[in-house]
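Student: One structure, pasted below without further comment.
The values are calculated or read from the model by the stated rules, or taken from the named source; none is laboratory data. In this text, all values refer to a predicted model and were calculated from it rather than measured experimentally. Here Cβ is always computed from backbone atoms with ideal geometry, including for glycine, and neighbour counts include all displayed protein chains.
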2 protein chains.
Amino acid sequence: MSRREYNQYCAAARALDVLGERWTLLLIRELLIGPRRYTDLLKALPGIGTNLLANRLKGLEAAGVVQRSELPPPAASSVYELTERGSELEESIVALARWGLPLLEERRPNDAWEPEWSILAMRATFRPEAAKGVHEEYEFEVGGKVFFAAVNDGDVSTGPGAAKSPAVTLRADIETFLAVANGSMPMQAAIESGRYVVDGDEAAFERCLRIFSLPERIRPKLYSKSCPT
Amino acid sequence: MSRREYNQYCAAARALDVLGERWTLLLIRELLIGPRRYTDLLKALPGIGTNLLANRLKGLEAAGVVQRSELPPPAASSVYELTERGSELEESIVALARWGLPLLEERRPNDAWEPEWSILAMRATFRPEAAKGVHEEYEFEVGGKVFFAAVNDGDVSTGPGAAKSPAVTLRADIETFLAVANGSMPMQAAIESGRYVVDGDEAAFERCLRIFSLPERIRPKLYSKSCPT
DNA sequence: CGGAATCCTCTTCGATACTG
DNA sequence: CAGTATCGAAGAGGATTCCG
């Protein structure tokens, strides 16, 4: 019952033997954000089908990429999480995401979106050259979910939860957050409409925007769609 | 007739909508080495099946990742090559390959291997910290195929063909080259057996080995297999 | 011979239903 | 909540044929 393999003595092919099936890399993306229960994963991956999820988890567990762990008694439930080896996939997934950014354009009617996905997206849009000498944290609250980005010179770490001491806090509803993020709504307009709220140091806010801006080449596409003149 | 898509407003998911099908990333790996004719691709991807290859190429062409171009009259034939956008996948594929290196272990009986694959493999095993201050080229000839690596401080470029002015030239048959590369045969033994020939500056040779060595953590696995004592 | 289109079988996917 | 069982639909893989 061996999984289909490529039979090539090539590191990329061997990686794809483990990761190349449908859903697998998205499942790992989900676990990169943090440990998740089975049903959380089902919800975060609409369309996966419960048998496939179970198969993938089993395969990844056998491959040493994922492990189960039991939560302590009060919350008697088990979660899936990445092993250390699994966490090393972050680099690959962020690289893929970076390549995929120009494909994002506007959100389509059936597109799912979870605020947590920003946590990885920000690592993909992070521009080290704009972050030289910057040491500060930003906090976000989108659709009720809180996450942070901690910039440290040319480096960034992001995650769920609050920042320790944010220089700025940004709050928005999902639609407004996405419209600003993908460039189809100017930040200025969003703030004036009251649907985007910024608290904290103004200069830090400007830095935050520069550090996590989308690559320039995809902005024109977006603007030309939403502002056809 | 729409391809299966994930319907997630997420850069990684969008990238996988284009790249996630079976064979696609390996096909791109092949084109990263250089332009290829249809039949070259069939040979380099054993098992793909001609209809799948045609489908994948069509899909990637539609996605702007691959383009066809006609060679000038003498060699009246057409080749497939990556567009600029397609070439930007190098980072993602090298990241995947780097993650897959520990899975390589020994070559299995049915594993295909092409000398050209070293061209990408060397970008995956390249260790920038070992290449600080180094500016020189290495040339390789394996199974009759020639390729080079040009190290430039913390940077490397690799490709098919001869180096301009190699500091060292390494020559070996396929089996010996692989055995040394994956650590199951000591370089010393290979040279002494006469199946591995090194020409040029001795110090440069040592640097070359350090710069492109496999990560330490996978070496013990290999040695314990081949030297069970 | 290079570059596919067609046909046929087998596997995998995806959705729903069902179970501890 | 966390999966297993089932089954039609889509995709993969191999062989063969077709066209220039």
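Student: So A:Val18 fits all but one of (1) buried (at least 21 other Cβ atoms within 10 Å of the Cβ); (2) over 19 Å from the mean Cα position of the chain (by Cα); (3) away from DNA strand D (no atom under 12 Å from the Cβ); (4) of a type in the set (A, V, I, L, M, F, W, C); what number is the exception?
Tutor: Tallying (1) buried (at least 21 other Cβ atoms within 10 Å of the Cβ); (2) over 19 Å from the mean Cα position of the chain (by Cα); (3) away from DNA strand D (no atom under 12 Å from the Cβ); (4) of a type in the set (A, V, I, L, M, F, W, C), A:Val18 fails exactly one: (1).
Student: Within region B:107-127, is there a residue that is exposed (fewer than 15 other Cβ atoms within 10 Å of the Cβ), in a helix (DSSP H, G or I) and more than 10 Å from every other protein chain (Cβ to nearest Cβ)?
Tutor: No - not one qualifying residue is present in region B:107-127.
Student: Still on this structure, please answer the following. Scan region B:24-48 and report the pairs whose first residue is more than 16 Å from B:Phe147 (Cβ to Cβ) and whose second residue is within 13 Å of DNA strand D (Cβ to nearest atom) and of a type in the set (D, E, K, R), with Cβ atoms within less than 6 Å and a gap of 6+ or a chain change.
Tutor: Close Cβ pairs (under 6 Å, with a partner that is within 13 Å of DNA strand D (Cβ to nearest atom) and of a type in the set (D, E, K, R)) amount to B:Thr24/B:Arg56; B:Leu27/B:Arg56.
Student: Scan B:Val65, B:Val79 and give me the residue that is among the β-branched types (Val, Ile, Thr) and within 13 Å of chain A (Cβ to nearest Cβ).
Tutor: B:Val65 is the lone residue from the list that is among the β-branched types (Val, Ile, Thr) and within 13 Å of chain A (Cβ to nearest Cβ).
Student: Then there is this: With (1) touching a strand residue (DSSP E or B) at 6+ places or on another chain (Cβ under 9 Å); (2) acidic (Asp, Glu); (3) at pLDDT below 95 as the list, and A:Glu129 as the residue in question, which single condition is left unmet?
Tutor: (1)
Student: Now a separate question. Need the failing condition index for A:Leu60 against (1) within 13 Å of DNA strand D (Cβ to nearest atom); (2) surrounded by fewer than 22 Cβ atoms within 10 Å (Cβ to Cβ); (3) farther than 25 Å from A:Phe126 by Cα, just the number.
Tutor: (2)
Student: While we're here: Any residue at all in region B:82-89 that's more than 16 Å from DNA strand D (Cβ to nearest atom) and closer than 20 Å to B:Ala149 by Cβ?
Tutor: Yes - at least one qualifying residue is present in region B:82-89.
Student: Read through the list (1) within 11 Å of another protein chain (Cβ to nearest Cβ); (2) over 23 Å from the mean Cα position of the chain (by Cα); (3) free of Cβ contacts under 8 Å to residues at least 12 places away in the same chain, then give the number of the only condition that A:Leu71 fails.
Tutor: The one condition A:Leu71 does not meet is (1).
Student: Identify, from the list A:Val142, A:Val66, A:Val146, A:Val151, the residue that is under 26 Å from A:Leu19 (Cα atoms), within 19 Å of the chain's Cα centre (by Cα) and at pLDDT 95 or above. I'd like the intermediate steps shown before the answer.
Tutor: Values: A:Val142 fails: under 26 Å from A:Leu19 (Cα atoms); A:Val146 fails: under 26 Å from A:Leu19 (Cα atoms); A:Val151 fails: under 26 Å from A:Leu19 (Cα atoms).
After ruling out the rest, the residue left standing is A:Val66.
Student: Mind checking which helices (runs of 4 or more DSSP H) fall wholly inside region B:3-57 and carry at least 2 residues that are over 30 Å from A:Ala112 (Cα atoms) and more than 8 Å from chain A (Cβ to nearest Cβ)? Before the answer, list the steps.
Tutor: Numbers: elements: B:11-19, B:24-33, B:38-44.
Answer list for region B:3-57: B:24-33, B:38-44.
Student: I need the full set of residues from region A:153-179 which are more than 14 Å from chain B (Cβ to nearest Cβ), more than 25 Å from A:Pro35 (Cβ to Cβ) and not in a loop (DSSP other than H, G, I, E, B), in order please.
Tutor: A:Val168, A:Thr169, A:Leu170, A:Arg171, A:Ala172, A:Thr176, listed by residue number.
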